[in-house]
Amino acid sequence: MAAVLETKIQAAHAAPPNLVLPLAEYISPASFELERERIFSRAWLLAAHASDLSAPGDYVERSFDVPKASVLIVRGTDGRIRAFHNICRHRGNRLVDVGSTGNKRRFSCSFHGWTWSCEGALKGVTDEGQFSGIDKDELGLLPVHCEEWNGLVFLNFARFPEETLEEWLGELAPGYGDYFQSQQRLSSHRFEIEANWNLAVNAFTEGYHTMFIHRNTAGDYQGGASNPQRHRPFMQFMRRHTRYSAPANPDHRLAPSEAIAYRFGRKLLPAACFDNDGLPPAVNPSRAEHWLFDVIELFPNVVMLLGQHYRIELRFLPVSASRTVVINETFVYQPDNLAERASQELFRIREKEVVREDLSLLEAQHAALATGVMEHVVLSRQEMALAHHFRVRQAMLEVSP
Ligand code: FES
Ligand SMILES: [Fe+2]
């Protein structure tokens, strides 16, 4: 019988997380209202990428159902990225369209023509003489707290955030070098599912399911003869976030298309990394021998898969207790030759199929749990990241803002 791979665990908490959870209660509408107030109105939320805002005046609009907001994120002429509520300070019109991106020197309201600079200062009031006692300095766009980490742009909707972004990220923050900045977006998909956001996050933070759901698309990427149950070589539970490594199968048989692509270029999924070549210290942090990728849960609603030459990002945007929008993006390096470009296309297509599989069971799971007939779920040690997610969630719910 093959030896069982022991998972190396690092935890910020002395006690192991609870492995029996009242999941039906956690996905109820009552829980959702608390999460709106005590998590999504206080957490740092990933909202954009600095690479989409490379020049002064570049902007993106981002909408949130929870907490309710439309946000204009813009790079100023001073190079700084700022965020504002997408609301005209005259009578509350939207300044830019929902979902829009572009470049502007001035933001002009289509209702009565007031204008603002990229730094949010009110620059022009049409027919200004008809207003009495107007103080333009008081009528700048309403700011949203906005900070950047490794080219990822985060927002915080609290009036006074309890922590800086760096404090919020904690142990997760250091050690990535230019890993994120050296990659560029390859694909972006939006899914909308009838399932609670917690369940959606949970579907991406354990590897126990990979042998079953992904048997036709990613059948032999993980585990292999030396680790048949695909145990994670490394798991790290931080104050808020989780990081673990997924085990590569050293005996994975390359498909003919992969063999050609990898002969000429760097390897994407499902290539295993056995050399740690060029990896910053925070990626494959335990330097696991058979390493496929890391999974990060950036609490509350982001999961990232970090490979040697690619990353997958998933943002789970709650709409209601039973509806979630999933934004799924992939990022890769600048291809050096056609084989690498072909390899990236293979990766792009396969990644979408695999993510669809991950999402495919969630609606049925949510509907079944929402009946409330099953009071608890039990988790394996390989699913400890789920328990950690709910511990962190619980700790935030217990503190009123
Ligand atoms: S509502 Fe924007 S200028 Fe009047
Ligand atoms: Fe999966």
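Keeping to the range 90-99, report how many residues are closer than 20 Å to Ala50 by Cβ and surrounded by fewer than 18 Cβ atoms within 10 Å (Cβ to Cβ).
So in the range 90-99, the residues closer than 20 Å to Ala50 by Cβ come out as 96, 99.
Then drop every residue that is not surrounded by fewer than 18 Cβ atoms within 10 Å (Cβ to Cβ), which leaves 99.
Summing the residues that are closer than 20 Å to Ala50 by Cβ and surrounded by fewer than 18 Cβ atoms within 10 Å (Cβ to Cβ) in the range 90-99 gives 1.
For every residue, the table says whether it meets (1) among the polar types (S, T, N, Q); (2) crowded, with 18+ Cβ neighbours inside 10 Å.
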| position | (1), (2) |
| --- | --- |
| Phe84 | no, yes |
| Cys88 | no, yes |
| Thr101 | yes, no |
| Arg106 | no, no |
| Ser110 | yes, no |
| Gly113 | no, no |
| Glu128 | no, no |
| Gly133 | no, no |
| Leu141 | no, yes |
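Within the range 247-265, restricting attention to residues that are of a type in the set (D, E, K, R) and in contact (Cβ under 8 Å) with a residue 40 or more places away in the chain, the residue that is surrounded by the most Cβ atoms within 10 Å (Cβ to Cβ) is Glu258.
Condition check ((1) within 16 Å of ligand 2 (Cβ to nearest atom); (2) crowded, with 22+ Cβ neighbours inside 10 Å; (3) not small (Gly, Ala, Ser)) across all residues:
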site: Glu289; (1), (2), (3): no, no, yes
site: Ile312; (1), (2), (3): yes, yes, yes
site: Ser320; (1), (2), (3): no, no, no
site: Leu338; (1), (2), (3): no, no, yes
site: Phe347; (1), (2), (3): yes, yes, yes
site: Ala370; (1), (2), (3): no, no, no
site: Val378; (1), (2), (3): no, no, yes
site: Arg381; (1), (2), (3): no, no, yes
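Of all residues in the range 202-230, those that are charged (D, E, K, R), more than 10 Å from ligand 2 (Cβ to nearest atom) and out of contact with any Phe, Trp or Tyr (no Cβ under 8 Å at 6 or more places or on another chain) total 2. As for the range 174-190, it holds no residue that is closer than 13 Å to Ser360 by Cα and under 17 Å from the mean Cα position of the chain (by Cα).
How many residues, within the range 278-332, are in contact with a strand residue (DSSP E or B) (Cβ under 6 Å, 6 or more places away or on another chain) and not in a strand (DSSP E or B)? Matching residues across the range 278-332 total 8. Only a single item in (1) away from ligand 2 (no atom under 16 Å from the Cβ); (2) not assigned by TED's automatic domain parsing to the domain that holds Arg89 is not met by Pro143, and it is number (2).
The values are calculated or read from the model by the stated rules, or taken from the named source; none is laboratory data. Being a predicted model, the structure only gives us computed values, none of them experimental. Glycine also receives a Cβ, built like all others from the backbone with ideal geometry; neighbour counts cover every protein chain displayed.
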